[in-house]
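Everything on this sheet refers to the single structure shown next.
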Amino acid sequence: MLPHPARPPLRPALVSVLLLGALGAACDDGPPDELAQRALESGVEPTPEVEPEGPEYFKVVAPGALPAINCAEKQDTGYVKGDPFAITVVTVDGKPVEVDTANAYYAMQQAAAADGVGIAIVSGFRTMAKQQELYNCYINCNCNNCNLAAKPGYSNHQSGHALDLNTGVSSVKKWLENHADEWGFARTVPKEDWHYEWWGGGPPQDGPCGIPLFAGDPEGQSFPSQEAPPILLEVGETRSGWLELENVGKASWGPTTMLATSPDEPSPLADASWPAPTRAARVESPTASGEVGRFNLVIRGNEPGSFVQHFSLVNEGEDQISWFAEDTLALNVLVVEPAPPEESTSSTSTGTGDGTGETAGETAGETAGETAGETAGETAGENTTSDGSTSADTTESADASTAGATGEGLDDGDEAGCGCVVDRGPRPWSELSLLAMLVLIGGRRRRLG
Ligand SMILES: [Zn+2]
């Protein structure tokens with residue numbers, strides 16, 4: 001973090017004493033508008049910098065190239081008006097740059113690239129040692145072409161706000177003159193067309209480094225995990241729950257912050273309460289950075305089937321759409337057809353009731369649907385009929401043994417069938433046995449009712 005006109009430094013100064021007075025008269029320093037205005041009036045450069053030398057100022061960069069950013073953070077000491085503070089520095093275009101300035105530059109550089117212009121950083125953050133070296137060159141006129149340099153502790157390169165850019169390339173110079181202000185960058189030294197400063201402003205700074213604009217850490221949820229047995233829903237049935245995340249980004253969450261399907265496609269579990277088939281819920285209430293936001297979610301079984309639905313968070317701002325907390329929630333849901341009316345049950349349970357396997361088997365077979373039913377019926381019949389007269393048909397399906405094993409459980413009484421016809425498609429074993437269990441549950445539930 002770096003000091004900002006509207007925001008004091010977040011971290012206390014590391015060093016309390018600095019003796020810089022002997023090095024020369026203090027240069028004025030401050031926000032760019034004020035600086036530029038004062039400089040124009042006085043004709044004096046408020047923060048003289050090193051004059052660009054060498055090929056970097058004329059370095060042509062491929063317009064499509066993204067800035068080379070290494071977000072590995074390094075702590076250093078920055079200075080504003082001679083006062084030290086802790087500064088976080090990352091590496092951009094091979095140069096150390098304060099992290100917030102780096103993110104702002106990243107956005108601007110991308111915009112320029114879209115216009116076919118390749119900006120690169122020539123000089124970014126400077127340590128006290130570097131500025132001292134440059135200043136000595138200036139004072140003693142024995143190095144760096146005797147170029148003017150700000151007094152150590154007083155260069156905005158030490159504040160983290162300043163970047164020297166490759167304005168030796170005319171297209172870069174022109175683009176910056178026309179667009180830099182849109183990205184919060186301003187020239188502050190009249191004679192230095194390469195020297196730009198960023199003191200905030202421009203679009204939301206959502207660069208790749210440091211604390212992101214939008215980020216969320218899971219705090220809790222009411223739904224079972226994806227690894228747990230699936231959530232069972234009948235078609236038309238809904239299930240309510242919630243998800244909580246801590247806002248660990250810089251921006252606040254509001255009505256534009258939503259739980260969204262991932263990938264961004266309409267969900268088979270969408271409920272009428274959703275803002276859209278791809279937007280499951282808005283954050284319950286405004287959530288500032290550091291607070292916990294809650295998303296109340298209702299899912300609905302709309303069609304039979306087995307679904308795994310992933311959710312991420314998205315903020316749909318006016319300027320940009322930010323996806324974050326990727327796949328923060330995954331729901332494993334099994335949707336089945338609802339149980340039929342009571343009549344169908346009684347019709348199927350009018351078997352002989354003599355307690356033979358034939359009855360149990362046939363009933364289960366008739367009612368539970370072809371796949372689960374037949375196999376359950378056959379096997380149940382086989383298992384319980386000693387004379388083998390009924391279960392003549394085959395067991396050509398490997399599924400039979402599985403379903404049968406489960407179907408056996410049905411056979412604790414006279415009425416096994418439930419009339420549920422669940423998805424008839426081929427199923428893996430585990431799912432098939434699950435279906436058979438559903439048959440069982442359905443049968444018992446109805447009996448109780
Ligand atoms: Zn500069």
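The values are calculated or read from the model by the stated rules, or taken from the named source; none is laboratory data. Small disclaimer: the values here were computed from a predicted structure and weren't measured. Cβ coordinates were reconstructed from backbone atoms using ideal geometry, including for glycine residues, and neighbour counts include every protein chain displayed. Each accessible area value is taken on the protein alone, full model and side chains, heavy atoms only, with ligands, DNA and RNA left out. Shrake-Rupley method; radii C 1.70, N 1.55, O 1.52, S 1.80 Å.
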Using the Cα atoms as the points, what is the convex hull volume per residue of the range 216-336 in Å³?
-> 89
Diffing the range 214-230: the Karplus 3J(HN,Hα) column from phi (6.51, -1.76, 1.60, θ = phi - 60°), in whole Hz with x for Gly and Pro, holds 10, 7, x, 10, x, 10, x, 7, 9, 7, x, 5, 5, 7, 5, x, x
Using the Karplus equation 6.51 cos²θ - 1.76 cosθ + 1.60 (θ = phi - 60°), what ³J(HN,Hα) coupling, rounded to whole Hz, does each residue of the range 95-107 give in order, writing x for Gly and Pro?
-> 10, x, 9, 4, 5, 5, 4, 4, 5, 5, 4, 4, 5
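If I take R0 = 60 Å and measure r between the Cβ atoms of residue 228 and residue 129 in this structure, what FRET efficiency does the formula 1/(1 + (r/R0)^6) give, to the nearest 0.05? Each step should come with its number before you reach the end.
Numbers: r = 58 Å, r/R0 = 0.96.
It comes out at approximately 0.55.
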Once the in-chain neighbours fewer than 8 apart are removed, the lysines whose Cα is under 17 Å from residue 81 read 130, 151
For residue 179 and residue 70, what is the calculated FRET efficiency with R₀ set at 30 Å and r taken between the beta-carbons, to the nearest 0.05?
-> 0.70
What distance in nm separates the simple spin-label points at residue 238 and residue 272, each placed 7 Å from Cα in the Cβ direction?
-> 0.8
Added length on full extension, which subtracts the Cα-Cα distance from 0.36 nm per residue, residue 219 to residue 321 | 34.4 nm
Quick one: pull the percent of accessible area on the range 204-324 belonging to carbon and sulfur, 1.4 Å probe, ligands and nucleic acids left out.
-> 49
Accessible area of residue 211, 1.4 Å probe, to the nearest 10 Å²?
-> 80
Tell me, what is the FRET efficiency for residue 288 and residue 142 to the nearest 0.05, using R0 = 56 angstrom and their Cβ-Cβ distance as r?
-> 0.55
